[in-house]
Amino acid sequence: MSFDLAADLAALETRGLRRVRRVLDSPQSARVVVDGRDYVAFCSNDYLGLAADPRLIAAACNGAHTDGIGAGASHLILGHTAAHHRLETALAQFVQLPRALSFSTGYMANLGTVTALVGRHDDVFADKLNHASLNDAAQLSRANFRRYAHSDLDALERLLAASCAPRKLVVTDAVFSMDGDIAPVPQILQLCEQFDAWLLLDDAHGFGVLGAGGAGILSHFKVASPRIIYMATLGKSAGVAGAFVAGAPDLIETLIQNARTYIYTTATPPLLAHALLASLEIMRREDGRRETLGRLIEQLKTGLDGMRWKLMASPTAIQPLIVGGNAKVLRVSAALAERGVLVPAIRPPTVPDGTARLRISLSAAHATEDVARLVDALRHVEKNS
């Protein structure tokens with residue numbers, strides 16, 4: 001056979017890079033049942049603990065009764081329901097931008113946005129630690145793809161200064177999904193203003209958590225500009241599914257006309273829009289969830305202080321603990337699981353070689369006892385490894 005897939009899979013296994021799925025037997029939460037066993041889980045992006053909130057479940061059920069299950073068509077044919085329209089209006093208001101457009105996933109939002117805005121002879125500038133969806137979007141756009149070292153503003157400035165492209169687009173994670181650190185958005189925006197570039201911010205991990213009322217990275221830094229293209233996902237802090245892009249009216253209208261991942265796909269089930277409208281209201285009103293999350297982050301940092309394995313410098317719910325090699329991080333993750341604690345082992349190519357880590361994700365649904373259990377388990381495994 002020309003494709004020796006078995007050999008390729010065996011090579012992944014040898015290098016400690018083969019991925020394995022777990023089967024979740026319970027709703028997503030801080031405490032889960034996996035393969036029939038109870039665990040405390042630090043694996044999900046459900047940062048506010050809304051994924052199984054009874055109010056979202058009730059809203060989804062009500063939405064199913066009023067609008068059915070499937071949308072049945074793309075947004076531009078006959079799948080754009082009143083619930084979708086209300087959600088887009090609410091999302092724009094939530095992040096204080098003129099208009100918003102909903103997408104099925106964050107991956108599709110990034111692919112559709114970048115390829116709709118730039119093409120051959122244009123330049124895309126990207127942080128080297130950006131999410132894969134931004135990298136794939138840049139490559140699919142056929143624009144020149146210029147990458148700069150992580151958060152290296154001097155390198156970005158040099159690239160922008162050297163560009164003669166008719167359109168220039170800077171794309172960056174707002175909160176980096178594997179490191180948990182925050183992009184220097186005000187400084188990047190200043191460079192975009194200086195060199196006449198647009199700025200696409202992927203706020204998948206900041207929306208709902210950062211800023212006043214969880215409004216995200218723009219509120220966190222108190223920045224605004226018509227150059228900003230704002231994307232956030234709705235399956236993390238919001239607890240449901242989907243994504244949206246927000247910005248100037250002409251931007252949104254351009255995406256409606258040109259974003260292929262919006263035009264050529266069936267709209268999401270309208271019941272999800274009903275659930276998301278309930279989620280936005282909870283996020284806006286219940287600051288206590290973000291306050292709880294902040295306390296848990298500090299508890300974890302204090303509890304792991306002095307360990308041989310070090311937490312990366314992250315102010316967010318993503319707390320990466322650098323362990324080292326692929327085989328070692330897999331052993332540590334397995335040892336934690338034996339103690340009833342689930343923390344995923346993250347390896348290349350998701351992260352750079354030599355930086356395999358435990359990606360600890362905290363949620364407002366965790367109790368202080370859960371974090372204490374994680375700290376005790378990590379210290380035990382470290383001592384015996």
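The values are calculated or read from the model by the stated rules, or taken from the named source; none is laboratory data. The structure presented is a predicted model; accordingly, all values stated were derived computationally and were not measured. Please note: Cβ atoms are built from the backbone with ideal geometry, for glycine as well, and neighbour counts cover all protein chains shown.
Values as computed for the structure displayed
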{"read-out": "Residue within the stretch 3-20 that is small (Gly, Ala, Ser) and under 30 Å from VAL371 (Cα atoms) present", "value": "yes"}
{"read-out": "Elements of type helices (runs of 4 or more DSSP H) in the stretch 102-185, at least 2 residues being within 30 Å of ALA82 (Cβ to Cβ) and in contact with a helix residue (DSSP H, G or I) (Cβ under 8 Å, 6 or more places away or on another chain)", "value": "106-117"}
{"read-out": "Checklist (1) over 30 Å from MET108 (Cα atoms); (2) of a type in the set (D, E, K, R); (3) assigned to a helix (DSSP H, G or I) applied to ARG290, failing item", "value": "(1)"}
{"read-out": "Within the stretch 258-284, tally of residues that are part of a helix (DSSP H, G or I), in contact (Cβ under 8 Å) with a residue 40 or more places away in the chain and not aliphatic (A, V, I, L, M)", "value": "8"}
{"read-out": "Count of residues meeting criterion [surrounded by 15 or more Cβ atoms within 10 Å (Cβ to Cβ), in a helix (DSSP H, G or I) and within 25 Å of the chain's Cα centre (by Cα)] in the stretch 60-85", "value": "4"}
{"read-out": "Enumeration of residues in the stretch 131-167 that are in contact (Cβ under 8 Å) with a residue 24 or more places away in the chain, in contact with a Phe, Trp or Tyr (Cβ under 6 Å, 6 or more places away or on another chain) and of a type in the set (Gly, Ala, Ser)", "value": "SER133, ALA138"}
{"read-out": "Test: residue in the stretch 86-97 that is over 20 Å from GLY208 (Cβ atoms), touching a helix residue (DSSP H, G or I) at 6+ places or on another chain (Cβ under 8 Å) and in the same structural domain as LEU210 (by TED's automatic domain parsing)", "value": "no"}
{"read-out": "Verdict on LEU296 being crowded, with 16+ Cβ neighbours inside 10 Å and under 27 Å from VAL375 (Cα atoms)", "value": "yes"}
{"read-out": "Residue match in the stretch 32-40 (condition: modelled with pLDDT under 95, farther than 23 Å from VAL329 by Cβ, of a type outside the set (Asp, Glu) and not in a strand (DSSP E or B))", "value": "yes"}
{"read-out": "The stretch 41-59: number of residues that are surrounded by fewer than 20 Cβ atoms within 10 Å (Cβ to Cβ) and either part of a helix (DSSP H, G or I) or more than 21 Å from the chain's Cα centre (by Cα) (or both)", "value": "4"}
{"read-out": "Odd one out for ARG227 among (1) more than 17 Å from SER133 (Cα to Cα); (2) surrounded by fewer than 17 Cβ atoms within 10 Å (Cβ to Cβ); (3) basic (Lys, Arg)", "value": "(2)"}
{"read-out": "Residues of the stretch 195-228 that turn out to be at negative phi, assigned to a helix (DSSP H, G or I) and in contact (Cβ under 8 Å) with a residue 24 or more places away in the chain, as a count", "value": "5"}
{"read-out": "Selection status of LEU293, aliphatic (A, V, I, L, M), within 23 Å of ASP173 (Cα to Cα) and assigned by TED's automatic domain parsing to the domain that holds VAL175", "value": "no"}
{"read-out": "Residue tally, condition over 17 Å from the mean Cα position of the chain (by Cα), crowded, with 17+ Cβ neighbours inside 10 Å and not polar (S, T, N, Q), over the stretch 120-146", "value": "7"}
{"read-out": "Residues of the stretch 293-318 classified as part of a helix (DSSP H, G or I) and of a type in the set (Gly, Ala, Ser), total", "value": "2"}
